[in-house]
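*Asks:* Take a look at this one; I'll ask things after.
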Amino acid sequence: MDINHKEMLKTQIKEAYGQLVYTQTTHLKLMDRLNIQYSVLKWIQIALSAATTAGLIGTLITNEKAYTVISAIMSALLLFINLYFKNFNPKELATSHKQIADELWIIREQYKSCLSDFDYLTDSDIMQIRDNLLKKTAEIYKSALPTDHRAYKKAQKALKQEEEQYFAPGEVDSMLPEHLRRNPHSQNR
């Protein structure tokens, strides 16, 4: 095959890699948001339970109607949150999004390996690896929960502006033991 075909293959694999990184990061961002939402709702649940209990104890001690009204309102809010959790469990959804991101991670690493080995592989090998990675990715996407625009925007910001999935030049070397660094005598930490 000619050099143009090999470059087209490389371009296609790079694009697939980029799309996969975006998808994986979007699932991670949605997972983060759902975990925060779960935590906030749990704290609200605890606060409402405490307020309801305090109001009822206040009613018993003082016989004030205001405590009864406050307790009833807090109890109703607590019921609303409990019903919300019955139909929508952010913690379970977050766990599902993490599982999807974890499954996509290994494919992402396989794409990077393919790109690293690219010049040493035959066109036929590259096409076989590409096709296998596309099939694996499609299988994960079949069972993947949908993400949303907010999570995508967070992923976009993390990848483009914050370079979240990348290392600055020399950053990886500074994490390695000295004998494994590119320049072992470098003091750049």
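*Asks:* Identify which of His27, His179, His149 has the largest mean-square fluctuation in a Gaussian network model of the chain, with springs joining Cα atoms closer than 10 Å.
*Replies:* Fluctuation is largest for His179.
*Asks:* Sticking with this structure for a sec: Quick check: with the 1.4 Å probe, what order do Leu159, Leu145 take by accessible area, largest first?
*Replies:* Leu145, Leu159
*Asks:* Further question on the same structure: For region 24-73, just list the percent of Cα-Cα distances falling in each 10 Å bin from zero outward, please.
*Replies:* 26, 29, 18, 15, 10, 2
*Asks:* Taking the Cα centre of region 1-103 as origin, sum charge times position over the Cβ atoms of Lys and Arg (+1) and Asp and Glu (-1), and report the length of that vector in debye to the nearest 20. Write down the numbers at each step before the final one.
*Replies:* Working: 10 positive and 8 negative charges, 42 e Å.
The dipole of region 1-103 has a size of about 200 debye.
*Asks:* Take the solvent-accessible surface of the protein heavy atoms, probe 1.4 Å, and return the percent of it on region 1-70 that carbon and sulfur atoms account for.
*Replies:* On the way: 2840 of 4380 Å².
Using a 1.4 Å probe with all protein chains present, region 1-70 comes out at 65 percent carbon and sulfur.
*Asks:* Mean Kyte-Doolittle hydropathy of -0.5 or higher plus an axial Cα length of 30 Å or more: which whole DSSP H helices in the chain meet both?
*Replies:* Working: long enough: 3-62 (87 Å, 0.14); 65-87 (33 Å, 1.13); 90-117 (40 Å, -0.71); 123-143 (31 Å, -0.76).
Passing helices, by number: 3-62, 65-87.
*Asks:* Highest mean first, how do 117-124, 34-41 rank when packing is the count of other Cβ atoms within 10 Å averaged over residues?
*Replies:* Numbers: 117-124: 11.1, 34-41: 15.4.
Final packing ranking: 34-41, 117-124.
*Asks:* Quick one: accessible area per residue over the chain, 1.4 Å probe, rounded to a whole number of Å²? Could the numbers behind the result be given before it?
*Replies:* Details: 12870 Å² over 189 residues.
Per residue, the chain has an accessible area of 68 Å².
*Asks:* Compute a Gaussian network model of the chain, connecting alpha carbons closer than 10 Å, and tell me which residue from Tyr67, Tyr111, Tyr17 fluctuates the most.
*Replies:* Per the Cα network of the chain with a 10 Å cutoff, Tyr67 tops the list.
*Asks:* Determine the share of region 73-120's accessible area contributed by carbon and sulfur atoms, expressed in whole percent, with a 1.4 angstrom probe.
*Replies:* Values: 1810 of 3040 Å².
Carbon with sulfur: 59 percent of the solvent-accessible area.
The values are calculated or read from the model by the stated rules, or taken from the named source; none is laboratory data. Keep in mind that this is a model prediction, so the values were computed, not measured. Methodologically, a virtual Cβ is constructed for each residue, glycine included, from the backbone with ideal geometry; neighbour enumeration extends over all protein chains shown. Just so you know, the surface numbers come from the protein's heavy atoms only, side chains and all, with ligands and any DNA or RNA stripped out. Shrake-Rupley method; radii C 1.70, N 1.55, O 1.52, S 1.80 Å.
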